[in-house]
1. Which residues, taken from the stretch 353-366, are more than 8 Å from the ligand (Cβ to nearest atom), open to solvent by 10 Å² or more (accessible area, probe 1.4 Å) and not basic (Lys, Arg)?
2. Of the conditions (1) more than 16 Å from the ligand (Cβ to nearest atom); (2) closer than 26 Å to Trp170 by Cα; (3) not small (Gly, Ala, Ser), Phe33 clears all except one; give me its number.
3. Limited to the stretch 367-386, what total is found for residues that are over 14 Å from Asp424 (Cα atoms) and away from the ligand (no atom under 12 Å from the Cβ)?
4. How about the stretch 315-338: which of its residues are surrounded by fewer than 19 Cβ atoms within 10 Å (Cβ to Cβ) and of a type in the set (A, V, I, L, M, F, W, C)?
5. Out of the stretch 75-90, which residues are surrounded by fewer than 20 Cβ atoms within 10 Å (Cβ to Cβ) and touching a strand residue (DSSP E or B) at 6+ places or on another chain (Cβ under 7 Å)?
6. For the stretch 304-350, give me the residue count where each residue is within 16 Å of the ligand (Cβ to nearest atom) and touching a Gly at 6+ places or on another chain (Cβ under 6 Å).
7. Need pairs with beta-carbon distance below 6 Å; first residue assigned to a helix (DSSP H, G or I) and within the stretch 371-382, second near the ligand (Cβ under 6 Å from one of its atoms); sequence gap 6+ or separate chains.
8. Among the residues of the stretch 1-11, is any within 14 Å of Val249 (Cβ to Cβ) and outside any strand (DSSP E or B)?
Amino acid sequence: MEILHISAECYPVAKVGGLADVVGALPKYQNKFGDIAKVAMPCYKTNFFEKNNFEIVHEGGVWTGDYWRHFNVFKEKDNKLGFDLYLIDIPGLLDRGKPYGFYDDQERFTAFQKAVLNWLNSWADLPDVVHCHDHHSGLIPFMMTQCFQYQRLKEIPTVFTIHNAQYQGWMGWDKFSWIPAFDNWKSGLLDWDNNINSMAAGVRCAWSVTTVSCGYLEEIKSRANGLENLFQYEAGKCVGIVNGIDPEVWNPKTDRQIVANYGLQDVTSGKKANKIALCKQFGLNPRKPLVSFIGRAVPDKGVDLLPEVIDEVCNETDGAFNFLVLGSGNPDIEWGLKQLRKKYKDCYNVFVGYNEKLSHQIYAGTDFLLMPSRVEPCGLNQLYSLCYGSIPIVSSVGGLKDTVVDFGDKGGYGIRFLWVEPWDISRAIIRGKELFKNHQKMYALRKRMMKIDCSWTKAVKEYSNLYLKLK
Ligand code: ADP
């Protein structure tokens with residue numbers, strides 16, 4: 001089975017969040033299991049592109065409005081990632097230092113999707129499945145089935161995976177002409193609330209839709225940034241498949257980014273060595289329990305509540321905990337996190353920015369990993385924390401609900417809370433105080449977590465079954 005994945009992110013080429021981790025790992029494991037999986041993504045100006053070898057395999061052009069855009073398709077020559085990687089280079093549009101956050105993002109990703117399809121149209125042998133990820137490739141199932149110039153691609157099954165339904169790729173109907181010609185009476189397939197909505201188009205036109213956890217699939221029927229009715233209506237073709245993680249990147253036994261490697265047997269001493277180094281770097285006391293947060297600084301992650309939560313926990317426990325935050329995003333939230341440092345110099349620190357190496361060191365060195373998310377389609381951080389033996393403290397939403405069992409329940413290993421409110425988050429953290437003192441219990445929970453199979457094996461099989469059903 002040949003699968004072409006189309007995505008805006010892919011680790012280690014370009015990463016903003018979990019989408020990159022998934023698209024960097026799923027195709028690799030699909031190849032290992034006998035499929036032929038390839039990835040097409042935009043060619044940004046990233047270190048990976050500068051430092052690796054590429055060859056041009058296709059050249060073409062697309063119109064966006066009045067502009068003719070020349071594009072190149074670069075193929076990575078050395079199979080560094082375990083799958084064929086194709087970068088779509090559109091000079092002037094895609095060749096920027098980061099994936100998103102530009103005034104012309106809609107034009108950039110529409111041109112990207114058209115360039116991918118123009119290139120695909122030129123293939124002698126077409127793939128068996130086109131697998132699109134998030135709204136940046138949501139127009140593709142529509143264009144493949146409706147646009148005259150892509151008639152040849154009509155019979156290829158499409159899968160559309162939703163990694164986050166909050167972001168939908170809206171654009172005004174004045175951009176209508178960016179989409180290649182189709183029967184105008186079909187324009188309702190693109191529309192939601194009088195706008196072109198790439199995510200809605202992807203959900204309607206893909207042969208099958210997946211979300212990255214079952215819990216999230218249920219949630220979006222009642223909370224999906226306006227698309228709730230659509231998800232209720234299309235429920236019949238939607239399925240939840242929980243993400244895996246890549247043990248070649250996330251494994252405390254082999255991780256070269258952490259201070260001391262460790263496994264099940266030496267988890268206590270291994271984590272201790274990593275914690276001491278981490279606490280030293282951030283001026284924290286390694287004898288206190290360390291609670292960390294890693295993630296995008298956006299309200300969906302609940303990180304805006306951290307100042308209040310930390311205040312409450314420090315007051316109630318007389319400063320018994322340490323806190324460490326790694327994140328970047330919303331400037332107001334970043335400011336709040338930096339301000340808190342003035343008040344709690346000895347037991348709180350923050351690194352504002354994106355730092356892959358530090359994230360590995362935190363997963364390895366922290367005792368608890370806090371995820372007070374309001375929305376969490378799957379969540380990878382809690383899976384990494386399980387592998388590294390750090391106890392996840394999570395809200396009961398989406399994928400967190402599917403992957404973390406409270407230690408009070410049979411076979412449990414994490415801490416869960418119901419309300420994404422400072423009082424309930426604080427209470428959950430404080431539950432960790434007694435746990436931390438009980439070394440035997442901590443060891444037992446860590447062992448239990450680290451034994452959980454978070455690999456891609458199950459998800460790869462589920463995707464494979466889904467593709468087969470579509471053929
Ligand atoms: P989302 O995709 O919503 O951001 P996920 O939990 O699915 O959330 O994935 C987040 C990924 O991004 C994880 O690999 C996490 O370690 C990483 N990450 C998020 N913020 C940062 C940061 N500031 N520095 C390093 N890694 C980060």
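The values are calculated or read from the model by the stated rules, or taken from the named source; none is laboratory data. Every value quoted in this text rests on a predicted model; they were computed, and no experiment measured them. Heads up, the Cβs are rebuilt from the backbone with ideal geometry, glycines too, and the neighbour counts pull from every protein chain shown. Quick note on the areas: whole protein, heavy atoms, side chains included, nothing else; ligands and nucleic acids left out. Shrake-Rupley method; radii C 1.70, N 1.55, O 1.52, S 1.80 Å.
1. The one that is more than 8 Å from the ligand (Cβ to nearest atom), open to solvent by 10 Å² or more (accessible area, probe 1.4 Å) and not basic (Lys, Arg): Gln361.
2. Going through the list (1) more than 16 Å from the ligand (Cβ to nearest atom); (2) closer than 26 Å to Trp170 by Cα; (3) not small (Gly, Ala, Ser), Phe33 breaks only (2).
3. Selection size over the stretch 367-386: 3.
4. Result: Ala320, Trp335.
5. Selection gives Lys75, Lys77, Asp84.
6. The number of residues fulfilling the criteria is 2.
7. From residues that are assigned to a helix (DSSP H, G or I), the pairs are Asn381/Ile294.
8. Taking the stretch 1-11 and keeping what is within 14 Å of Val249 (Cβ to Cβ), we get 10-11.
Next cut, outside any strand (DSSP E or B) only: 11.
Taking every residue of the stretch 1-11 in turn, at least one turns out to be within 14 Å of Val249 (Cβ to Cβ) and outside any strand (DSSP E or B).
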